[in-house]
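Colleague: Once you've had a glance at the structure underneath, I'll fire off some questions.
We did not get these values from a lab; they are worked out from the coordinates using the rules stated. This structure is a prediction, so every number in the text was calculated from the model and none was measured. In this analysis, Cβ positions are derived from the backbone assuming ideal geometry, glycine residues included, and neighbour counts consider all displayed protein chains.
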Amino acid sequence: MKRKALSIVLRTVILIISVLMIYWYSVSTIFNIGTVLGNLFFAWAGANCIFWDKVYQLIRKMKQNKTAKIIYRVLCILFAVMLLWVAMILCAMAYFSARPPKENATVVVLGCQVRGNTPSLLLKKRIDTAFEYLKANPDVKCVASGGQGSDENISEAECIKEYLVDMGIDESRIFIENKSVNTNENIKFSAEIIKKNGLNENMAIVTDGFHEMRAALIAKRLEYECGAVSSKTPMRYVSAFTTREVIALTAALLLNR
């Protein structure tokens, strides 16, 4: 009886968490691989809780067949490994997002979507974070990084520079990298500008916390030291972008790129 009651409580908790997570993904209004896989996973978890009796009967039948039993155990092991891997990646992401940059490191602001001439909310947060850091460190230079998308009137780099200058940062402190189209190119092309202009080769990367680890791994591959100056991601976007980043990091680590 106690075992049955514990099972009901556990399933209820998982179901509530699943519903809340699906809601969290939904309110982000973001559609990417993170929201798709996140919603699918928690929908699957919730459905298992609702139809547990049928699921349990299916598992019992599988255990009666030798081949099916082996498949079931392999799936359980793979699922446990996946959960462990995700937990490890999330811990690593938290670590990299909190690593401070070295003194007088060159600020590299990673671009994000521009709507016309106006920065998206995520990019505005990064610009604000870069401004506060540059204001507190008047000797530090900055590389604004990001190319121009088909739906953008100006490059992300130009948008970053314009807003920083309007906020009071001296234009001479800001260098533009406006050719990149992804994080790899952000770091690579920014590193080239740093080297070409004799700037401090230590980087202070300004981006969202969930993005800092991948940026740091790219910088390390290019033999550059970096630290994080993480902007605060609006809460409604955290689930969608963090899930996407876990997938992107997994692919990057597996493919060594």
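Colleague: Would you calculate the volume per residue, in Å³, of the smallest convex hull containing every Cα atom of the range 141-234? Please list the in-between numbers first.
Modeller: Details: hull volume 9.8 nm³, N = 94.
That works out to 105 Å³ per residue.
Colleague: Using the Cα centre of the chain as the reference point, and only Cβ charges (+1 on K/R, -1 on D/E), how large is the resulting charge dipole? Debye, rounded to the nearest 20. Could the numbers behind the result be given before it?
Modeller: Details: 32 positive and 22 negative charges, 458 e Å.
Dipole about the Cα centre, nearest 20: 2200 debye.
Colleague: Can you tell me, using C-alpha contacts under 8 Å and at least 6 residues apart, the relative contact order of the range 187-251 as a whole percent? Walk me through the numbers before you get to the answer.
Modeller: Details: 57 pairs, mean separation 21.5, N = 65.
Computed over the range 187-251, the figure is 33 percent.
Colleague: Within the chain, what's the longest run with no chymotrypsin sites (Phe, Trp or Tyr not before Pro) in a DSSP loop and at most 16 other beta-carbon atoms within 10 Å? Give the range, please. Could the numbers behind the result be given before it?
Modeller: Working: sites that count: 31, 51.
In short, 52-257.
Colleague: Find how much the distance from residue 67 to residue 8 grows on full extension, using 0.36 nm per residue of separation minus their present alpha carbon separation; answer in nm with one decimal. If you can, show how the numbers build up before the last one.
Modeller: Details: separation 59, 0.36 × 59 = 21.24 nm, distance 3.00 nm.
That works out to 18.2 nm of additional length.
Colleague: Any chance you could list P(r) for the range 1-126, counting all Cα-Cα pairs in 5 angstrom bins from zero, rounded to whole %?
Modeller: 2, 8, 9, 14, 17, 14, 11, 8, 6, 5, 4, 2, 1, 0
Colleague: For residue 175, which sequence-distant residues (separation of 5 or more, or a different chain) have an amide H within less than 5 Å of its own amide H, given hydrogens modelled in the peptide plane?
Modeller: Long-range HN contacts for residue 175: 142, 143, 144.
Colleague: Please give the calculated 222 nm ellipticity per residue for the chain, where each DSSP H segment of at least 4 residues contributes -39500 (n - 2.57) and the sum is spread over every residue; nearest 500 deg cm²/dmol?
Modeller: Working: 9 runs with 161 residues, N = 257.
So the calculated ellipticity at 222 nm is -21000 deg cm²/dmol.
Colleague: Run the numbers on the range 73-207 and let me know its relative contact order in percent, using alpha-carbon pairs under 8 Å that are six or more apart.
Modeller: On the way: 207 pairs, mean separation 41.2, N = 135.
Relative contact order for the range 73-207 comes out at 31 percent.
Colleague: Which option, (i) 1.03; (ii) 1.24; (iii) 0.92, is the value of Cα Rg over 2.2 N^0.38 Å that was calculated from these coordinates?
Modeller: (ii)
Colleague: Continuing with this model, one more query. Select from 10, 200, 172 the residue farthest towards the positive end of the dipole of the chain; place +1 on Cβ of Lys and Arg, -1 on Cβ of Asp and Glu, and compute about the Cα centre.
Modeller: It is 10.
Colleague: For the chain, what are the DSSP H helices with axial Cα length of 27 Å or more and mean Kyte-Doolittle hydropathy of at least 1.0? Provide the component values of the computation, followed by the final result.
Modeller: Values: long enough: 2-27 (38 Å, 1.34); 66-97 (47 Å, 1.80); 235-255 (30 Å, 1.11).
What comes out of the filter, once short or polar helices are dropped, is 2-27, 66-97, 235-255.
Colleague: Additional query: Which entries of 125/161; 125/179; 102/124 have Cα-Cα distances beyond 20 Å here?
Modeller: Details: 125/161 14 Å; 125/179 22 Å; 102/124 24 Å.
Violating the 20 Å limit, Cα to Cα: 125/179; 102/124.
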